[in-house]
Amino acid sequence: MTKVLVVDDDFMVAKLHGRYVSAMDGFEVVGAAHSGAEALRAAERARPDLVLLDIYLPDMDGIAVLRELRAAEERDTTRTSVDALFITAARDAGVIRSALRAGALHYLIKPFSQSALQEQLRHVASLRTRLDRLGEARQEDVDQIFGTRPPGSRELPKGLAAHTAELVERTLRRHAGGLSATECADEGELSRVSARRYLEYFADTGRAEVTLRYGGTGRPERRYRWVG
């Protein structure tokens, strides 16, 4: 479970963002704050894994809040490092650069849709899972972790359709233990060749994991499991 602290000077906006977070499996809102000082106290008390952080706060800006959180982590090495996702109306390129330098995972410009925020939350969950599993990283792992966009926001290659990609994704998500291209094709009412193309695309972009199942004779069966 990823614990989330929501920070926004507008009470109603904070409440709305909290609802977006609570609607996601695997995420729990552990507090809301409406000023920088309140955010720092809430982070000390609740020890969140992720902070949704506005830039414009009444007493200090969100970047200063994040820097204070990082300083607190340096003072207390037992404290869990918190990730930050900025959600703000600030569009200035200098502010965005400062947010990145302070260690933000991403930056969403208001107004945005519920699906845009939830996509970023899925990306955060994927990063956390990937890093937890890694002992020693390959370059392709690093490239995916430091990508400028989450995997879900990439444009589909020519010949792949968004609605079919969504269908294959939903099918994969329903089968936590994984499934083959044939099983995916049968459930999604697709051709096996088509299902295989989408499954391989998800594997290439780091959202599906491929394992081989060895049977009797012939080639091993490729099985796909959604990892986000």
Residue-by-residue Karplus 3J(HN,Hα) for the range 92-101, coefficients 6.51, -1.76, 1.60, Hz, glycine and proline x: 5, 4, x, 5, 4, 4, 5, 4, 5, 5
Peptides 106-114, 194-202, 17-25 ordered by average Cβ neighbours within 10 Å, highest first: 194-202, 17-25, 106-114
Distant-in-sequence amide H partners of residue 29 (H built 1.01 Å from N, under 5 Å): 4
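Could you tell me what percent of the accessible area of the chain is made up of carbon and sulfur, with a 1.4 Å probe and every protein chain present? Let's see the in-between values first.
Working: 6190 of 12670 Å².
Whole-percent figure for carbon plus sulfur exposure: 49.
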Whether the range 74-133 is rounded, prolate or oblate, judged on the alpha carbon gyration tensor where a/c under 1.5 counts as rounded: oblate
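Report the antiparallel proportion of the DSSP beta bridges in the chain as a percent, rounded to a multiple of 5. Display every interim value, and only then the final one.
Numbers: 8 of 26 bridges.
Taking every DSSP beta bridge with both residues in the chain, the antiparallel ones total about 30 percent.
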Dmax and Rg, reported as Rg then Dmax, of the chain (C-alpha, Å): 20.0, 69
Pairwise label distance in nanometres, residue 16 with residue 74, each label 7 Å out on the Cα-Cβ vector: 3.7
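Please work out the ratio of the alpha-carbon Rg of the range 1-101 to 2.2 N^0.38 Å and round it to two decimals.
Values: Rg = 12.8 Å, N = 101, 2.2 N^0.38 = 12.7 Å.
Compared with the compact-globule rule of thumb, the range 1-101 sits at 1.01.
Rounding to the nearest 20 debye, state how big the charge dipole of the chain is about its Cα centre with +1 on each Lys and Arg Cβ and -1 on each Asp and Glu Cβ. Show your work: numbers first, answer last.
Values: 34 positive and 34 negative charges, 125 e Å.
That gives the chain a dipole magnitude of about 600 debye.
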Sites residue 186 and residue 133, calculated FRET efficiency, Cβ-Cβ separation with R0 35 Å, nearest 0.05: 0.70
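The values are calculated or read from the model by the stated rules, or taken from the named source; none is laboratory data. Fair warning: this is a prediction, and the values are worked out from it, not measured in the lab. Ideal geometry is used to build each Cβ from the backbone, glycine not excepted, and the neighbour counts take in all protein chains shown. SASA here: full protein model, heavy atoms, side chains in, ligands and nucleic acids out. Shrake-Rupley method; radii C 1.70, N 1.55, O 1.52, S 1.80 Å.
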